[in-house]
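Every number here is computed from the coordinates shown, using simple stated rules; none is lab data. As the structure is a computational prediction, the values presented were derived from the model and not from experiment. Virtual Cβ from ideal backbone geometry, glycine too; neighbours counted across all protein chains shown.
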Amino acid sequence: QQQVKQSPQSLIVQKGGISIINCAYENTAFDYFPWYQQFPGKGPALLIAIRPDVSEKKEGRFTISFNKSAKQFSLHIMDSQPGDSATYFCAASSLANAGGTSYGKLTFGQGTILTVHP
Amino acid sequence: EAQVTQNPRYLITVTGKKLTVTCSQNMNHEYMSWYRQDPGLGLRQIYYSMNVEVTDKGDVPEGYKVSRKEKRNFPLILESPSPNQTSLYFCASSLYGLGVQGLAYEQYFGPGTRLTVT
């Protein structure tokens, strides 16, 4: 059962364009939504994350938009560069329900392969 | 340099031949985890460990074993590998488990181990 659905599977964008990757979740207990970036031959690395008390978070060219009522969140990459070409994973977790020394599991989306053409 | 290391990086083996993939971190992290990455399925957690001698199953633990005898090491053991365990494996660590005291602790991933079972 895939609790976090990510689209598209692949995305091709021209240099300078906007890349948009979407994720939808089912579990309303989720309260932490990170995005991971993975370059070929490397492990994923945390890119940016958001909590549901805000609708948008921006770090440089990367922005997360969050729609709690629709249970959707998306990653926007402005002025996309060839160096942004990578696989992007959205994820979700429930921190609030973990509590104490409990563990909060990350549920990942299927991944999006982004190619930015020069 | 703070890092998570995995060995081997590439492994081709035959069905039923026991193997171990090692994982080591030098950041004194308490939490460690193993994931497998398959096309169209994203990252799925196999096992995790909150601390030395404390391990628990993730989403897809069948066919795998782990141990945590030292804080820095978290090996993944396949007692009798089968072709459906052909995958890309990642070890990850973080200071504490996600959700401890309601905080999100960044997970640092290793470079991955590509396993092929014939």
Inset, instruction - Please indicate, with yes or no, whether at least one residue in segment A:22-31 is out of contact with any helix residue (DSSP H, G or I) (no Cβ under 9 Å at 6 or more places or on another chain), in a strand (DSSP E or B) and farther than 19 Å from B:R44 by Cβ. - result: yes
Inset, instruction - Answer yes if at least one residue in segment A:12-24 is closer than 18 Å to B:Q37 by Cβ and within 14 Å of chain B (Cβ to nearest Cβ), and no otherwise. - result: yes
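Per-residue answers, yes or no, for (1) under 27 Å from A:N97 (Cβ atoms); (2) in contact with a Ser or Thr (Cβ under 9 Å, 6 or more places away or on another chain):
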| position | (1), (2) |
| --- | --- |
| B:P61 | yes, no |
| B:V66 | yes, yes |
| B:K69 | no, no |
| B:F74 | yes, yes |
| B:Q85 | no, no |
| B:F90 | yes, yes |
| B:L95 | yes, no |
| B:E106 | yes, yes |
Legend entry - Any chance A:D84 is more than 10 Å from the chain's Cα centre (by Cα), farther than 26 Å from B:G58 by Cβ and of a type outside the set (G, A, S): yes
Inset, instruction - Tell me which residues, restricted to segment B:9-21, are away from chain A (no Cβ under 14 Å) and either within 19 Å of A:G41 (Cβ to Cβ) or of a type in the set (D, E) (or both). - result: B:L11, B:I12
Legend entry - Close pairs from segment A:105-118: first at the interface with chain B (Cβ under 7 Å from one of its Cβ atoms), partner surrounded by 22 or more Cβ atoms within 10 Å (Cβ to Cβ) and β-branched (V, I, T), Cβ under 6 Å, at least 6 apart: A:G109/A:V4
Legend entry - Output for segment B:104-116, where each listed residue is farther than 14 Å from B:Y64 by Cα, more than 7 Å from chain A (Cβ to nearest Cβ) and part of a strand (DSSP E or B): B:Y108, B:T113, B:R114, B:T116
Legend entry - Check on A:L11, more than 13 Å from the chain's Cα centre (by Cα), part of a strand (DSSP E or B) and surrounded by 15 or more Cβ atoms within 10 Å (Cβ to Cβ): yes
Legend entry - Count of residues meeting criterion [under 14 Å from A:K105 (Cβ atoms) and surrounded by fewer than 21 Cβ atoms within 10 Å (Cβ to Cβ)] in segment B:1-44: 1
Inset, instruction - Go through the residues of segment B:83-97 one by one and say whether even a single one is surrounded by 20 or more Cβ atoms within 10 Å (Cβ to Cβ), within 14 Å of chain A (Cβ to nearest Cβ) and assigned to a loop (DSSP other than H, G, I, E, B). - result: yes
Legend entry - Selected residue (criterion: nearest to the other protein chains (Cβ to nearest Cβ)) from residues of segment A:78-92 that are part of a strand (DSSP E or B) and in contact (Cβ under 8 Å) with a residue 60 or more places away in the chain: A:F89
Inset, instruction - Please find, among B:Q37, B:Q6, B:Q101, the residue that is farther than 21 Å from A:F33 by Cα, of a type in the set (S, T, N, Q), within 9 Å of another protein chain (Cβ to nearest Cβ) and not in a loop (DSSP other than H, G, I, E, B). - result: B:Q6
